[in-house]
Amino acid sequence: MPLLCGQMEVRKEMQHELESGELFYQTYGESIRKLSRYIPWLTGKSGDDVSHKYSGEYGESAIAFPVFDSTLMNFLKEARETNLIDRNYPYAYTGRSIRTKEAEERAIEDAWLRDVDFLRGVFSKYVLEGMTKSNIWAEAVERKIFLNVLCKLKEIAEYYHGPLGE
């Protein structure tokens with residue numbers, strides 16, 4: 001039985017999506033698998049759990065600075081070494097009406113294969129900006145930004161390729 005014109009287009013679109021999913025996995029699968037081992041740790045943490053203020057031996061007269069959990073620092077070091085980091089992350093927000101933290105969280109939740117550059121941009125923003133603004137990393141853990149982006153990337157990778165095998 002011959003295919004109708006509309007059915008042919010649907011099959012082409014499905015094939016293209018499968019090819020795009022496989023390309024996504026080939027490009028980012030190893031990085032996602034590598035960072036996925038931090039998902040259980042990120043699940044149980046909040047911002048207060050990952051840093052504390054150190055004021056030195058002179059007490060309150062000294063300048064306090066944050067000291068971060070060693071697991072968080074290892075995660076960030078590994079994250080910076082992956083191809084998930086995009087130094088042009090501000091462009092990921094271009095064209096999206098994201099003006100609030102809630103809108104950013106909804107966009108992460110609703111993201112799929114076509115939104116991978118956005119997910120990478122959000123991830124990059126919090127990893128890279130935290131290097132100059134110390135509260136950003138604790139905020140990303142508290143708001144579960146790192147966790148939600150990693151879980152979404154892992155979900156997409158597993159949808160197109162099967163379990164990552166950690």
### Task
Please check which bits of region 63-98 a label hung off Arg143 would reach, taking the label as a point 7 Å along Cα-to-C-beta and the cut-off as backbone N under 14 Å.
93, 98
### Task
Ignoring everything but the protein chains, give the 1.4 Å probe accessible area of Asp115 in square angstrom, nearest 10.
20 Å²
### Message
How far apart, in nanometres, would the label points at Lys34 and Arg99 be if each is projected 7 angstrom from Cα along the Cα-to-Cβ direction?
### Response
3.9 nm
## Note on the structure
Taking a crude spin-label model, label points 7 Å out from Cα along the C-beta direction, the Asn74 to Trp112 distance in nm is 3.6 nm
### Query
Which number gives the lysine pairs in region 100-158 that have C-alpha atoms under 18 Å apart and are eight or more places apart or on different chains?
10
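The values are calculated or read from the model by the stated rules, or taken from the named source; none is laboratory data. Note that the structure is a prediction, hence the values are computed from the model and not measured. Cβ coordinates were reconstructed from backbone atoms using ideal geometry, including for glycine residues, and neighbour counts include every protein chain displayed. SASA here: full protein model, heavy atoms, side chains in, ligands and nucleic acids out. Shrake-Rupley method; radii C 1.70, N 1.55, O 1.52, S 1.80 Å.
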